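What follows is a set of notes on a single structure, which appears directly below.
The values are calculated or read from the model by the stated rules, or taken from the named source; none is laboratory data. Computed from a predicted model, the values in this text were never measured in an experiment. We place every Cβ from the backbone using ideal geometry, glycine too, and count neighbours over all the protein chains shown.
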């Protein structure tokens, strides 16, 4: 977000927003603000990027210990998305996806 100043220059702040789409579509079914600050949220972005790639290689273990982290709001995800988001490997994710495809949800 950039705001011009009357005296010249700009004031900038950054937001890292997440969106959730219906599987295999671009239809947004939920969204939330993950971080807002005066600088780019590189650490937050790397955390999300690594999580979605099922890899912790880029993560700083000190940055956000899972046991100490809580979301400020409760998001009620559809059951399928909730299970997929908790998959610990790509194989587990694919197994969950296959189960839901068998049920005719896709």
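If you go through the range 87-106 and pick out every residue that is loosely packed, with under 11 Cβ neighbours inside 10 Å, under 22 Å from the mean Cα position of the chain (by Cα) and outside any helix (DSSP H, G or I), you end up with 2. For residue 84, the stated conditions do not hold, so it cannot be described as modelled with pLDDT of 75 or more, exposed (fewer than 11 other Cβ atoms within 10 Å of the Cβ) and closer than 23 Å to residue 103 by Cα.
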